[in-house]
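Computed from the coordinates by the stated procedures, all read-outs in this text should not be read as laboratory data. Treat the numbers as computed from the prediction; the structure is a model and nothing was measured. All Cβ positions, glycine included, derive from the backbone under ideal geometry; neighbour counts span all protein chains shown.
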Amino acid sequence: MLKAANTDWHNLNQRFLMRAIVRVRSYLQVHAGKEALEKVEDEEDINFSSNFSSTKSALERICEIFGLSAFERDILLLCAGVELDGSFAPLCATASGDNQRFYPTFSLALAVLPEPHWQALTPEAPLRRWQLIEIGSGYALTTSPLRIDEQILHYLTGIHQLDKRLAGMAVAVNSRDKLVPSHWQIAEHMANTWCVASKEEKMLPVLQLCGKNVGSQRAIAAAACRQVNLIPYSISTQLLATDTGTLKLWQCLWEREYILSSAALLLEFDSFDTGDAKQESAISQFIESLQAPLIIISNQRRRQKYRSLISFDVESPTSDEQLLLWQSALGDMAAEINGHTSVLVSHFNLSAEAIFTASLKAKSIAKQQTPSHSPLPTHHSPLWDICRANARPRLDELAQRVESSSDWEDLVLPELQKQVLRDLAAQLQYRSQVYNEWGFGSKSKRGLGISALFAGGSGTGKTLAADVLAQALKLDLYRIDLSAVVSKYIGETEKNLGRVFDAAEMGGVILLFDEADALFGKRSDVKDSHDRYANMEVAYLLQRMETYPGLAILTTNLKNSIDQAFLRRIRFIVQFPFPDANQRAEIWRRVFPARTPKEGVDEVKLAKLSVAGGNIRNIALNAAFIAAQARESVRMEHILQAAKNEYAKMERPLTDTEVKGWV
């Protein structure tokens with residue numbers, strides 16, 4: 001029924017438009033000294049609204065929306081007639097007295113059409129203000145060619161599509177995802193804000209969604225727009241023009257889209273700091289002047305010089321909401337998992353979109369697996385691996401993902417240190433039960449972050465221990481590049497640290513700040529502004545570590561250089577001692593892979609080398625290459641040659657006591 005009504009409207013709209021064009025053609029015929037082919041009909045003779053009492057034709061809507069006078073309307077029809085009626089072009093030439101002028105002009109319109117007025121030609125009049133017509137090049141304004149805007153022409157015929165000049169940079173937001181309650185409340189608040197402003201006949205305020213997940217922000221913005229019957233389109237700020245002329249044109253086109261088709265604009269900031277003063281100025285100007293519904297999507301709050309922004313913070317779905325999302329997304333598989341989704345929620349802070357994507361992939365994998373395979377989200381299940389991959393942050397600029405391959409057997413430490421590491425792993429595994437089920441996380445997020453300090457000399461196993469934890473827990477390990485984080489410019493270090501933690505908070509990530517002495521040294525007395533800002537960097541780090549839902553590990557060669565106030569706020573401190581002779585012998589037994597050919601290798605003698613585990617690995621690896629080059633099995637003389645090279649690198653003498661009896 002609805003389709004039939006649309007077809008009837010379209011047909012009648014076409015008839016209404018063509019009869020209006022015939023009327024304008026008759027004016028041309030009369031002016032050209034020809035008898036009109038058809039009777040010039042009055043407007044009342046073409047009564048569109050009598051057939052559709054609640055709907056107007058496209059021509060009537062344009063005249064009403066843009067406030068066109070009868071003369072301006074007929075200029076628009078004159079230009080439309082050239083596109084839709086083949087007899088118009090020669091008539092224009094005849095009526096203008098120039099056989100080469102097969103196009104309408106202001107001069108022709110002033111001479112031919114009734115009720116002419118010069119104001120219709122001005123830049124602020126509707127025809128030019130709203131880009132309804134285009135003026136071609138010419139020697140004079142009145143004799144320059146006129147052409148109807150392509151989008152307006154399509155609109156008059158009953159076809160509407162996004163202006164081609166905007167379609168190249170704007171993307172329709174078709175998200176109809178079911179929002180979690182906390183996000184739905186934000187969407188309702190946004191819609192109500194616009195409704196109140198509209199009823200009070202005030203300019204619609206700019207709304208701003210601040211958060212880390214663009215998908216959730218888009219879904220909220222789309223839901224808010226649907227509640228007030230707006231069609232959302234998104235555009236990246238990086239695509240905005242920087243020259244004033246193009247920017248004003250885009251502003252006009254977006255405002256016209258809003259007027260014609262109820263379009264709303266979602267302006268997405270890919271990064272808060274553009275680093276380009278000219279682009280930043282263009283963005284601010286665009287936001288200040290746009291008279292159309294505008295929603296800003298960004299990571300951080302943005303401020304305008306004059307125009308106020310109403311901001312809404314978009315947090316990740318709560319733990320309870322994520323549990324419901326998992327149950328809904330997994331469907332029948334949720335019953336098989338039998339409540340183990342809480343394990344996923346405790347480790348991965350995923351958006352609704354990410355949860356549904358992970359569930360879809362898990363269900364497709366489950367169909368290919370044998371019935372005996374367990375779908376439970378253990379650390380070795382496909383669902384866990386899918387979540388782990390989806391949660392991987394974009395930290396490539398500031399961090400390096402370390403592929404974990406070590407296990408507990410590779411770690412040679414005193415039992416006390418090993419037990420502390422096992423306790424640390426247990427807290428990561430059971431934090432959902434303690435924080436959520438037992439209520440420790442209900443009052444405050446502060447202090448819930450699991451932080452650790454690994455202290456010890458170079459090569460004593462600090463990085464290896466982090467690798468072991470990541471492998472045991474099946475979590476990603478990211479090593480932070482401090483040279484990219486620490487900046488001499490005030491405030492830049494905190495900004496870089498914020499990027500690291502923000503990206504990592506989706507979950508499934510262990511952060512390793514390797515050799516962190518330079519950043520986390522003793523807080524100094526405030527003697528100048530640099531001391532004050534250095535202390536602020538440490539304070540910021542402490543705050544982020546205490547609220548970070550995963551594990552953050554700091555390593556240092558000099559524990560005594562760390563401020564005691566800092567140490568009190570670290571949950572686990574593991575001292576990695578220099579290995580004794582027995583531990584070094586054990587490291588030598590494990591350092592060569594099982595497939596490595598060995599001959600006469602004596603681990604007890606090798607343990608006399610007073611070096612740490614990292615050096616032992618270097619010596620073993622170099623010895624393997626020396627033996628391979630000689631086409632021999634690894635023997636003590638190969639290890640001796642490699643040891644000499646390693647000691648030379650460390651600028652230490654290799655004593656006779658250490659190598660006595662080797663060869």
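Under 5 Å from the amide H of residue 296 lie the amide H atoms of 207, 208, 209, 267, each residue being 5 or more positions distant or on a separate chain, with H modelled from the backbone and absent for Pro and chain starts. In this simple spin-label model, placing a label point 7 Å from the Cα along the Cα-to-Cβ direction at both residue 128 and residue 12 gives a separation of 3.7 nm. For segment 167-314, the alpha-carbon coordinates run over 41, 32, 30 Å along the three principal axes, in decreasing order. Multiplying the residue separation of residue 309 and residue 490 by 0.36 nm and subtracting their alpha-carbon distance yields 62.4 nm. Potential lengthening of the chain between residue 150 and residue 648 amounts to 171.6 nm, from the contour at 0.36 nm per residue minus the alpha-carbon distance.
Close amide H partners of residue 576, meaning residues 5 or more places away or on another chain with modelled amide H under 5 Å apart, are 455, 456.
Extension gain for the segment residue 602 to residue 617, taken as residue separation times 0.36 nm less the Cα-Cα distance, is 3.8 nm to one decimal. Taking the C-alpha atoms only, the angle from helix 244-261 to the longest principal axis of the chain is near 70 degrees.
Of all the C-alpha pairs in segment 53-171, what % are more than 23 Å from each other? Show your work: numbers first, answer last.
Numbers: 2168 of 7021 pairs.
Of the Cα pairs, 31 percent sit more than 23 Å apart.
Take the Cβ atoms of residue 142 and residue 30, set R0 to 22 Å, and the FRET efficiency comes out at 0.60.
Step through the table entries 361/495; 474/649; 363/474, compare each Cα-Cα distance with 24 Å, and write down the pairs that go over it. The answer is 361/495; 474/649. The aspartates and glutamates within cross-link reach of residue 278, meaning a Cα-to-Cα straight distance under 17 Å and a gap of 8 or more places when in the same chain, are 243, 270, 288. Based on the reciprocal of the average 1/r between different C-alpha atoms, the Kirkwood radius for segment 528-663 equals 18.1 Å.
Shape descriptor for segment 581-659: Rg over Rh equals 0.93 (Cα atoms; Rh from the Kirkwood inverse mean 1/r).
Just want the ordering: 636, 203, from fewest to most Cβ atoms lying within 10 Å of their own Cβ.
Values: 636 20, 203 10.
In order of increasing Cβ crowding within 10 Å: 203, 636.
Rounded to the nearest 0.05, what FRET efficiency do residue 368 and residue 182 have when you use their Cβ-Cβ distance and R0 = 35 Å? Write down the numbers at each step before the final one.
Working: r = 36 Å, r/R0 = 1.02.
Result of the calculation: an efficiency of 0.45.
Multiplying each eigenvalue of the alpha-carbon gyration tensor of segment 399-576 by 5 and taking the square root yields semi-axes of 26, 20, 16 Å, largest first, rounded to whole angstroms.
In what sequence do 467, 410, 563, 332 fall when counting other Cβ within 10 Å, fewest first?
Details: 467 23, 410 17, 563 14, 332 8.
Fewest-to-most Cβ neighbours within 10 Å comes out as 332, 563, 410, 467.
With a simple spin-label model that places each label point 7 Å from the Cα along the Cα-to-Cβ direction, the separation between residue 192 and residue 573 comes to 5.1 nm. Compute the distance in nm between two label points, each set 7 Å from the Cα along the Cα-to-Cβ direction, one at residue 515 and one at residue 581. Label-label distance for residue 515 and residue 581, simple model: 3.2 nm. Rounded to the nearest 5, what is the percent of antiparallel bridges among the DSSP beta bridges in the chain? Expressed as a percentage, antiparallel bridges in the chain total about 20. Over the chain, Cα pairs under 8 Å with separation of 6+ residues give a relative contact order of 9 percent. With no solvent and one equal point scatterer placed on each C-alpha of the chain, evaluate the Debye formula and give log10 I(q)/I(0) for q = 0.05, 0.08 Å⁻¹, two decimals. Taking Cα atoms of the chain as identical point scatterers yields -0.42, -0.80.
Would you compute, from DSSP H runs of 4+ residues alone, the mean residue ellipticity of the chain at 222 nm, taking -39500 (n - 2.57) per run and dividing by the full residue count, rounded to the nearest 500? Numbers along the way, then the final one.
Details: 28 runs with 318 residues, N = 663.
Taken over the chain, the calculation gives -14500 deg cm²/dmol.
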